[in-house]
Amino acid sequence: MDVQAPIRLDAAATPRPTKLALIATLAVTAGALVLFLGAGRDQAGAVLVVLTSLLTRVSGQLLVLAREPRWLPPMTDWNLLPYRLLLPLQAVVLAAMIAACVRVLQGSAVPGVGRVCIALSFVYWAALAVRYAVRMARRPDQRWFGGVVPMVFHCVLVAFLFVLGSYGAPN
C-alpha cells in the first residue's frame, strides 16, 4: 500500500527554479511547434527529438525520489499515479517516442498514425485545457503553478503527437 504525503495547497510552495523550468519547457515546446509549422516535414525529426528531450521529467522524478532537493517540488506534485506504476509507463512512452524519432529521422513515416495522432492531439490538448481550468477554479490559491508539473509535460506529449501525426498524414 502506497502512503503519499498530503498535497501542498499553495503555488508559492513551487520552487522558483521549477517555475522557470516549466516556463522554459513551454517556451521550447511552442518554439518547436512554430519551427515545424514554418518548415514542415523537413524539420519533423529534429522537432521530435527536441520534444522527446524535454521529457527529462522522468529523471527529475528519480532525483526527487532519491534526494528530495529543495529546488524541485515534492513527489506529490508530480503525478496522480503511484510512482511504482508511473515509472514503467513513462519508460514505455519514452521508448515509443524514441522509436518514432528514429523512424522519422530515417525518412519513413510511422504507418497509419497520421490523422489519428493529429485528432488525438486536439482532443488531448482540449482535455488539458479543461483540466487546468477546473484545477484553477477549484484551487485559486494554486494559480498559476500549483500542481501543473504533469500538465506541462503532457503539453510536450501533445506537441509530439501533433508533429508525428502531421509528418505521417497524407498531404
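Quick one: net charge of A169's neighbours, Cβ under 13 Å, K/R +1, D/E -1?
+2
Using a 1.4 Å probe and counting only protein heavy atoms, arrange T56, T29 so the residue with the most accessible area comes first.
Per-residue accessible area, sorted high to low, gives T56, T29.
Using a 1.4 angstrom probe on the protein heavy atoms only, could you order R103, R138, R70 from most to least accessible area?
Greatest to least solvent exposure: R70, R138, R103.
Would you tell me the accessible area of C117, worked out with a 1.4 angstrom probe on the heavy atoms of the protein chains, in Å² to the nearest 10?
10 Å²
Considering only protein heavy atoms, what is the solvent-accessible area of M97 at a probe of 1.4 Å, reported in Å² to the nearest 10?
The accessible area comes out at roughly 10 Å².
When only Cα pairs under 8 Å and 6 or more residues apart are kept, what is the percent relative contact order across the stretch 94-171?
Dividing the mean separation by the residue count of the stretch 94-171 yields 52 percent.
Need one number: nm distance between label points at A91 and R41, each 7 Å from Cα along Cα→Cβ, rounded to one decimal.
My value for the distance between the label points is 3.6 nm.
Probe 1.4 Å, all protein chains in place: accessible area of V64 in Å², nearest 10?
10 Å²
Counting only heavy atoms of protein chains, what accessible area per residue, in Å², does the stretch 12-57 have with a probe of 1.4 Å?
50 Å²
Which FRET efficiency value, to the nearest 0.05, do you get for R16 and S108 by plugging their Cβ-Cβ distance into 1/(1 + (r/R0)^6) with R0 = 45 Å?
Result of the calculation: an efficiency of 0.55.
The values are calculated or read from the model by the stated rules, or taken from the named source; none is laboratory data. Values in this document were obtained by computation on a predicted structure and should not be read as measured data. Don't worry about glycine lacking a Cβ; one is built from the backbone with ideal geometry, like all the others, and counts go over all protein chains shown. Just the protein is used for accessible areas: all its heavy atoms, side chains included, with ligands, DNA and RNA removed. Shrake-Rupley method; radii C 1.70, N 1.55, O 1.52, S 1.80 Å.
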